[in-house]
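Only one structure is covered here, and it is reproduced in the block below.
The values are calculated or read from the model by the stated rules, or taken from the named source; none is laboratory data. This is a predicted model, so every value here is computed, not measured. Methodologically, a virtual Cβ is constructed for each residue, glycine included, from the backbone with ideal geometry; neighbour enumeration extends over all protein chains shown. These accessible areas exclude ligands, DNA and RNA; they are computed on the full protein's heavy atoms, side chains included. Shrake-Rupley method; radii C 1.70, N 1.55, O 1.52, S 1.80 Å.
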Amino acid sequence: MQTIKRIAGTIGFVLIFLLILSGASDLLMHKQIEGRWNMTAKVVGFYNEEPDSFDVMFFGSSHMYCSVDPAVFYEETGLKSYVFATQQQPLWITYHYMIEALKTQRPELLVVETHMAVQEEDYMDEATNHTAIDPIPMSKNKLDMIFASVPKGERRFYIFNIMKYHDRWEYLEKEDFVRAYEKTTDPDKGYVRLSEVSDDVVWEDVSSVTESRVGTPKNIEYLHKIIDLAEKENIRLVMFKSPSNATVEEKMFYNGVAEVAVQRGVEFIDFNTREHYEAMGLDIKEDFYDQRHLNDTGMKKFVPYFSKFLVE
Amino acid sequence: MLFNSFSYLIFFPIVVLMYFAIPYKARYLWLLAASYYFYMAWNPKYALLMALSTVITYMSGLLIGRETRLTSTIEADSRTYRYAVFRKKLWVFLSMVSNLSILFLFKYFDFFIDNVNRVLGHLGMELLNPTFDVILPVGISFYTFQALSYTMDVYRGEIYVEKNLFKYALFVSLFPQLVAGPIERSKNLLVQINRRHTFDYERVKNGLLLMLWGFFLKLVIADRVAVIVNTVYNGYTNYHGLILAVATLFFGIQIYCDFYAYSLIAKGSAQVMGFRLMDNFKQPYFSRSIGEFWHRWHISLSTWFRDYLYIPLGGNRKSTLRKYINVMIVFLVSGLWHGANWTFIIWGFLHGSFQVIGQITRPLKVRITDLLGIDREKTSYKLGQMLITYLLANFAWIFFRAPGFTAAKGIIKNMFSVWNPWVFTDGSFYNLGLSVGSFWVGIISILILMGVSVAQYRGIRIRERFAKQGLIFRWTVTLGLIFSIILFGIYGPGYNANEFIYFQF
């Protein structure tokens, strides 16, 4: 009898501990919930969307989330979509974001922005990783994401992110306690609206660059994994490179992605050529937030043009 | 691996669960393997060194035991008897020389060459330049002393000769106390290795609580005040007066909490598995004399020096002068044991001198207090003694913590250069590496430790009382302690809001 009582007591104690730990972790976690780069709200908001409610899912890094506004895309195509992306998101996280999205959604089309193929490091910085990983609920996929994204010895700070954020207690604000974002959806469906116009954007014509650079083995591996995933799920996959005033070197990396796409029979479009810029009517003096990112006027030119490729 | 590492959080439960799951006969082998793994997490090569010390002292035990058996069967006056006694002494001598040589080579060689070169430099002679570039093996001073105590205890007939090499090896390497003590005696620990330890719920719970309190002292107090101590001591030229004084007091708290915490976690870890380790600290800062301080601070080391150095030197059985010399020898050696640097020797010298001066001036003190009609049993008098002892111990810490002798001198000079009590009100302490909140968490935690220490000093057995409380109280306090460590502990990569600020991406 005493043994049963003790076992029950121990289990009870551990459960209460875990409950408080989980609450404390949510409370202390650094949250990006204000302003345009409210990535925590955008990622968590996705989980509050109706299951099986999107026709198209967009994935990638900042090049993705400032290039397509699902509202504009809906006007153009009548298709519902969500942009499930975070800052500087590397392809390996994108792959796991796709798995995450497919847990609740059954889209007809998966779209992946492949800018991060230019990434030459195998691990991103802490802020990028935490931004992408922290808002994802714990699951095997999250653990896989952590193992793919974080070097050995640091993974525990992502599995138990209270180890990273525990000394944030001094800076807690009302929002940390209220956490309204946990119960709401993102009105922009993942889109980050950048309205400023940069006046020092440089454009060079890379249309004629045919040479290609193969990305790091890790990038190539994850490009294949992304394609494998789409094939396994039997969903159409389109990979693209948003207009970002590519340099010659970047263009070579994009050509490397194009080669993988050709090899695997997947659609890939790089919009960084003169032909596409002219067809969209993109103006570097008006349509960019900075050297690499479209602002909302640029987005409004890009989405109708891009939509044609996607729905045709 | 360190106790306050994530690895230990995984290592310890696995070791314990396996320990209770496997048959009694295999348990010591499992613990031996676990202990070597624990040690090799620092540097696998140095495990060989520990194994060497183990084998030497193990062999010395066997050889001394053989001579002891021999002497018990033959006449005390015979030549064979005298030879046997001689050989017995020889084995002790060889065990000591070889173990201390290893210790010397790895810990004191560079210091020794440095000093020889200093002398040679003064004499205008060519300097020595031997290359023996090694990192100090973790815990070498601890396990060497523990292993040596076995040789001497066997010689003195205070412990049986352990025939099983692996059991003996476990005595030397048992992971909870391996790298920072308590320096256990074979009389206490070796005998426990042969005992059967069952899973005792209350004992395990008690051990875990002890560990928890240890983690609190280490992560919340020691590592927190260390931030201030490091800031001030590493840049001592920029600090003056009370800032340096307070930083020194903080160092006294840091080293106490650090070392005491380690001993508690060691004791708690061992207790979970059924081993009883000795108490290494008993509220040292409430001592009324430096002599008492050493009965309360790092007890396993002071008793080691008492039994294997002070008493063999004659202790207090010879003349008074000889006793003072013996005290000085013990504390100079103790200083050197703590580190290969003159600052540690000075620290030991100070502790020895405080005691000798205290003893010499005792009659004078008695006469003066009698003359003035001061009651030496009054609380205020005792508190005064405690305060003076506390300040003396902390003054000596300056040499322990300062990076070198010149720095120590500079720190003392700067400390007494100004009287600046306004540092307590102008926020100076908030600029020493801790935020305001973090600073006050430290102060409150130190007050909690003080409260607990006062209770312990008055003989209150806190864990026993705690165990008698109701479930809600016990769980609340335990969870409170756990989450204080999680929230307020100094660990992890640290959080800085700025790293999340993006503009480009």
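Just to compare against my own numbers: the Cα pair-distance distribution for region A:177-304, 10 Å bins, whole % per bin, please.
In order of increasing distance, the bins hold 12, 33, 31, 20, 4, 0 percent.
For region B:128-249, what's the relative contact order in percent, using C-alpha pairs closer than 8 Å and at least 6 residues apart? Walk me through the intermediate numbers first.
Numbers: 56 pairs, mean separation 24.8, N = 122.
About 20 percent, as a whole number.
Out of every Cα pair in the protein assembly as shown, what percent are spaced more than 40 Å from each other? Show your work: numbers first, answer last.
Working: 177220 of 333336 pairs.
Of all Cα-Cα pairs in the protein assembly as shown, 53 percent lie more than 40 Å apart.
Please sort A:92-103, B:372-383, B:192-203, B:326-337 by packing, taking for each peptide the average over its residues of neighbouring beta carbons within 10 angstrom, highest first.
Highest mean packing first, the order is A:92-103, B:326-337, B:192-203, B:372-383.
Please tell me the relative contact order of region A:108-211 in percent, rounded to the nearest whole number, where contacts are Cα pairs under 8 Å and at least six residues apart.
Computed value for region A:108-211: 16 percent relative contact order.
At 4 °C and 1.567 mPa s, grab the translational diffusion coefficient of region B:302-373 from Stokes-Einstein with a Kirkwood Rh over Cα pairs, rounded to a whole number in µm² per second.
Details: Rh = 13.1 Å.
So the translational diffusion coefficient is about 99 µm²/s.
What whole-number value in Å² describes the accessible area per residue of the protein assembly as shown for a 1.4 Å probe?
Values: 38020 Å² over 817 residues.
Averaged over the residues of the protein assembly as shown, the accessible area is 47 Å².
Toward the positive end of the charge dipole of chain A, about the Cα centre and with charges on Cβ (Lys, Arg +1; Asp, Glu -1), which of A:ASN38, A:HIS166, A:ILE11 goes farthest?
The residue sitting farthest along the positive end of the dipole is A:ILE11.
What does the charge dipole of chain B about its Cα centre add up to, to the nearest 20 debye, if the Cβ of each Lys and Arg holds +1 and the Cβ of each Asp and Glu holds -1?
Around 1680 debye, computed over chain B.
Using the C-alpha gyration tensor of region B:32-172, what are the square roots of 5 times its eigenvalues, in whole angstrom, with the largest one first? Write down the numbers at each step before the final one.
Numbers: eigenvalues 236, 112, 16 Å².
The three semi-axes for region B:32-172 are 34, 24, 9 Å.
How many nm separate the modelled label positions at B:ASN496 and B:ASN238, each set 7 Å beyond the Cα in the direction of the Cβ?
In this crude spin-label approximation the distance works out to 1.6 nm.
How far apart, in nm, are the 7 Å Cα→Cβ label points at B:LEU372 and A:GLN2?
Calculated label separation equals 5.7 nm.
Can you list the residues of region A:152-166 that have at least 50 square angstrom less accessible area with all protein chains present than in their chain by itself, probe 1.4 Å?
Listed in order, they are A:MET163, A:LYS164, A:HIS166.
Kirkwood hydrodynamic radius, region B:439-479, all distinct C-alpha pairs: what's the number in Å?
Computed over region B:439-479, the radius equals 11.5 Å.
Given +1 on the Cβ of Lys and Arg, -1 on the Cβ of Asp and Glu, and no further charges, what dipole in debye does the protein assembly as shown carry about its Cα centre, rounded to the nearest 20?
Roughly 7460 debye, rounded to the nearest 20.
Whole percent per 10 Å bin, from 0 to the bin with the longest distance: what is P(r) over all C-alpha pairs of chain A?
Spelled out bin by bin, chain A gives 6, 26, 33, 22, 9, 3, 2, 0, 0 percent.
Could you tell me the relative contact order of chain B? Use alpha-carbon pairs under 8 Å, at least six residues apart, and round to a whole percent.
Reported relative contact order: 16 percent.
Any number yet on Rg/Rh for region A:93-145, C-alpha, Kirkwood?
For region A:93-145, the value is 0.98.
Can you classify region B:361-505 as rounded, prolate or oblate using the Cα gyration tensor, where a ≥ b ≥ c are the square roots of its eigenvalues, rounded means a/c under 1.5, and otherwise it's prolate if a/b beats b/c and oblate if not?
Oblate.
State to the nearest 20 debye the size of the charge dipole of region B:99-217 about its Cα centre, where the only charges are +1 on K and R beta carbons and -1 on D and E beta carbons.
580 debye
From the residues B:PHE142, B:SER445, B:PRO130, which one has its Cα farthest along the dipole of chain B in the positive direction, the dipole being from +1 and -1 charges on Cβ of Lys/Arg and Asp/Glu about the Cα centre?
Toward the positive end, the furthest listed residue is B:PHE142.
Rounded, prolate or oblate, given the Cα gyration tensor of region A:68-109, with a/c below 1.5 counting as rounded?
oblate
Scaled to the compact-protein estimate 2.2 N^0.38 Å, what is the alpha-carbon radius of gyration of region B:188-252, rounded to two decimal places?
1.86
Where Lys and Arg each count +1 and Asp and Glu each count -1, what net charge lies around A:GLU76 among other residues with Cβ under 13 Å from its Cβ?
Within the 13 Å Cβ shell, the charges total 0.
Cα gyration tensor of region A:110-216, axes a ≥ b ≥ c as square roots of the eigenvalues: rounded (a/c below 1.5), prolate (a/b > b/c) or oblate?
oblate
Can you list, bin by bin at 10 Å, the percent of alpha carbon pairs in region B:134-283, starting at 0?
Over region B:134-283, the share of Cα pairs per 10 Å bin runs 11, 31, 29, 18, 9, 2 percent.
Report the Cα-based extents of chain B along its three principal axes, largest first, to the nearest Å.
The Cα atoms of chain B stretch 80, 60, 60 Å along the principal axes, largest first.
Rounded to the nearest 100 Å², what is the buried accessible area between B and A, both sides summed, probe 1.4 Å?
Numbers: alone 26330 and 14830 Å², together 38020 Å².
It comes to approximately 3100 Å² buried between B and A.
Round to a whole number: what % of the accessible area of region A:191-312 belongs to carbon and sulfur, probe 1.4 Å?
The value for region A:191-312 is 50 percent carbon and sulfur by accessible area.
Counting only protein heavy atoms and using a 1.4 Å probe, what share of the accessible area of chain B belongs to carbon plus sulfur, as a whole percent? Before the final figure, lay out each step's value.
Values: 16200 of 24700 Å².
Carbon and sulfur together cover 66 percent of it.
Translational D (Stokes-Einstein, µm²/s) of region B:43-108 at 10 °C and 1.306 mPa s when Rh comes from the Kirkwood sum over C-alpha pairs?
Taking Rh from Cα pairs, D becomes 120 µm²/s.
Within 12 Å, Cβ to Cβ, of B:PHE86, how many net charges do the neighbouring residues add up to if Lys/Arg are +1 and Asp/Glu are -1?
Numbers: positive: B:ARG79, B:ARG82, B:ARG87, B:LYS88, B:LYS89; negative: B:GLU67.
For residues surrounding B:PHE86, the net value is +4.
Hey, any idea what % of region A:1-124's accessible area is carbon plus sulfur with a 1.4 Å probe?
Within region A:1-124, the accessible surface is 57 percent carbon and sulfur.
How big is the equivalent ellipsoid of region A:7-62 along its three axes, where each semi-axis is √(5λ) from the Cα gyration tensor, reported in whole Å from largest to smallest?
Value: 34, 17, 8 Å, ordered largest first.
Please pull out the direction-averaged projected area of region A:252-308, using the convex hull of its alpha-carbon atoms, in nm² to one decimal place.
Working: hull surface 17.7 nm².
The number I arrive at for region A:252-308 is 4.4 nm².
Pull out the extension gain between B:PHE20 and B:GLN359, defined as 0.36 nm times the separation in residues minus the alpha carbon to alpha carbon distance; nm, one decimal.
Taking 0.36 nm per residue and subtracting the Cα distance, the gain is 116.9 nm.
By the scheme Lys and Arg +1, Asp and Glu -1, what is the net charge of all other residues having a beta-carbon under 11 Å from that of B:ILE299?
Details: positive: B:LYS282, B:ARG296, B:ARG306; negative: B:ASP279.
Local net charge: +2.
How many angstrom lie between the C-alpha centres of region A:40-74 and region B:428-483?
48 Å
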